[in-house]
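Here the structure comes first, spelled out in structure tokens, and everything after it is commentary.
The values are calculated or read from the model by the stated rules, or taken from the named source; none is laboratory data. The structure presented is a predicted model; accordingly, all values stated were derived computationally and were not measured. All Cβ positions, even for glycine, are placed from backbone atoms using ideal geometry, and neighbour counts span all protein chains on display. We work out accessible area using only protein heavy atoms, side chains counted, and drop any ligands, DNA or RNA first. Shrake-Rupley method; radii C 1.70, N 1.55, O 1.52, S 1.80 Å.
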Amino acid sequence: MKKDLISIKDLTSSEINELFELASKLKLNRKTHEALLKNKTLGLVFEKPSNRTRVSFEVGMSELGGSSIYLGSGEIELGKREAVKDAAKVLSRYLDVIVLRTFSHNRLIEFAEHSTAPVINGLTDLLHPCQGLSDVFTIKEKKGLKGITVAFIGDGNNVANSLLYACNKMGIKVKMACPSGYEPDKAVIKEVGDTVSFFNSVEDAVKDADVIYTDVWTSMGKEKEREKRLKAFNGFQLNAKLLKLAKKDTVIMHCLPAHRGEEITDEVLDSKQAIVIDQAENRLHVQKAILVKLLK
Ligand code: CP
Ligand code: NVA
């Protein structure tokens with residue numbers, strides 16, 4: 001693996017398979033790996049809120065024998081209190097590895113360029129690689145990878161972009177239905193080639209899919225666009241009526257947090273087909289594998 005985990009694009013399929021093998025091992029005996037990252041310190045620099053990413057990284061680090069320091073918004077103040085490069089250089093003298101969650105993807109790249117410690121993308125406006133890797137790990141656990149099709153309904157955002165890269169690397173096809181103007185990033189679409197196909201109707205997208213995935217219509221940082229987005233995404237809700245058109249054993253995925261009643265109904269999110277809690281748990285196991293590989 002490279003020094004940093006910025007994008008799934010930078011990983012080979014065999015590196016992803018190795019990560020998954022390690023994650024499965026770590027998942028089996030969660031509390032018996034304290035020697036792996038003993039005396040290592042993780043820094044979490046978060047400019048947006050988080051439940052899963054923060055807690056799974058902190059717990060993961062502790063289970064691997066290391067410790068963590070959380071630096072929320074209003075603490076480092078990248079680019080405001082000090083230049084991104086100064087903060088990156090200084091933090092990497094103290095810390096062994098850094099997770100950065102921020103808005104602009106370029107800020108993450110700049111930070112990683114100046115950090116001598118490995119940097120993990122904890123989500124930017126463009127990508128969410130830890131999510132995409134955990135999602136495909138979860139699909140592999142639940143369904144295997146052979147001949148699998150994922151339907152993605154809704155906003156072609158950070159989560160969708162990373163899911164596309166992960167599916168591309170692992171041989172999964174993705175059927176997408178997004179409102180016009182809310183498709184995934186153009187460069188990502190180009191790079192994943194025939195991994196993705198686009199559908200005008202959500203009904204056509206979910207037909208024959210093994211997994212149906214959705215994410216919020218209003219991501220963190222887009223709150224001012226909420227009213228406009230609610231209108232644009234009308235008809236893109238994952239609800240019981242849509243689920244009826246899919247295969248009986250289709251599973252429902254969502255990165256969480258969900259905006260219940262917007263992109264997904266309570267009925268679907270609370271249904272037996274939803275695997276979102278297992279999906280969230282797997283963030284822990286996959287990220288532990290990422291930490292071990294980067295610090296090896
Ligand atoms: N899915 C995810 O990254 O959740 P958080 O924003 O709570 O970390
Ligand atoms: N697309 C969402 C994902 C949250 C984990 C956001 O960026 O807010």
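Only Cα sites of the stretch 209-259 enter the Debye sum here, all with the same form factor; the resulting log10 I(q)/I(0) across q = 0.26 1/Å is -1.05, listed in q order.
Using alpha carbons only, how many degrees (0 to 90, rounded to 10) separate the axis of helix 105-114 from the longest principal axis of the chain? The helix 105-114 is inclined about 20 degrees to the chain.
Per the Debye formula on identical point scatterers at the alpha carbon atoms of the stretch 186-296, with no solvent, log10 I(q)/I(0) at q = 0.09, 0.10, 0.12 Å⁻¹ is -0.31, -0.38, -0.54. Taking amide H as placed 1.01 Å from N in the peptide plane, the amide H of H128 sits under 5 Å from that of S162, each at least 5 places away or on another chain. Largest first, the three principal axis extents of the alpha carbons in the stretch 1-80 are 40, 31, 22 Å in whole numbers. Amide H to amide H, with H built 1.01 Å from N, A151 comes under 5 Å of K175, D210, V211, I212, Y213, counting only residues 5 or more places away or on other chains.
For the chain, adding -39500 (n - 2.57) for each run of n ≥ 4 DSSP H residues and dividing by the number of residues yields -12500 deg cm²/dmol at 222 nm. Could you tell me how many degrees, from 0 to 90 and to the nearest 10, lie between the Cα long axis of helix 129-143 and the main elongation axis, the longest principal axis, of the Cα atoms of the chain? Orientation of helix 129-143: about 50 degrees from the principal axis. Rounded if a/c is under 1.5, else prolate if a/b is larger than b/c, else oblate: which is the stretch 105-162, with a ≥ b ≥ c the root eigenvalues of its Cα gyration tensor? Because a/c hits 1.5 or more and a/b fails to exceed b/c, the stretch 105-162 counts as oblate. Hey, how many Å between the Cα centroid of the stretch 170-202 and the Cα centroid of the stretch 1-32? Here the answer is 25 Å between Cα centres. For the stretch 171-260, the solvent-accessible area of protein heavy atoms averages 53 Å² per residue (probe radius 1.4 Å; ligands and nucleic acids excluded). Counting only alpha carbon atoms, the long axis of helix 52-63 and the longest principal axis of the chain meet at about 50°.
Shown in residue order for the stretch 195-203 are the 3J(HN,Hα) couplings computed by the Karplus curve 6.51 cos²θ - 1.76 cosθ + 1.60 at θ = phi - 60°: 4, 10, 10, 9, 10, 6, 10, 5, 4 Hz (x for Gly and Pro). Accessible area of H33 (1.4 Å probe, protein heavy atoms only, ligands and nucleic acids ignored): about 40 Å². Computed 3J(HN,Hα) for the stretch 250-258, one whole-Hz value per residue from the Karplus formula 6.51 cos²θ - 1.76 cosθ + 1.60 where θ = phi - 60°, is 4, 9, 9, 10, 7, 5, 6, x, 9, glycine and proline marked x.
May I ask for the Kirkwood hydrodynamic radius of the stretch 133-237, worked out over all distinct Cα pairs and given in angstroms to one decimal? Before the final figure, lay out each step's value.
Working: mean 1/r = 0.0718 Å⁻¹.
After inverting the pairwise mean of 1/r, the radius is 13.9 Å.
Between the residues V99, L284, A187, the greatest Cα displacement towards the positive end of the dipole of the chain, with unit charges on the Cβ of Lys, Arg, Asp and Glu, is found for L284.
Loop-located GluC sites (Glu not before Pro) in the stretch 36-117 (DSSP state other than H, G, I, E, B) with a sparse environment of at most 16 neighbouring Cβ atoms within 10 Å: E75, E77. Here the stretch 1-159 yields Rg over Rh of 0.97, to two decimals, using C-alpha coordinates and the Kirkwood radius. Rounded to whole numbers, the Karplus 3J(HN,Hα) couplings from phi for the stretch 239-245 are 10, 4, 5, 5, 4, 4, 7 Hz, using 6.51 cos²θ - 1.76 cosθ + 1.60 with θ = phi - 60°, and x at Gly and Pro. Over all orientations, the chain has a Cα convex hull whose mean projected area works out to 14.4 square nanometres. Using only alpha-carbon positions in the stretch 51-128, the gyration tensor eigenvalues give semi-axes of 20, 15, 12 Å once each is multiplied by 5 and square-rooted (largest first).
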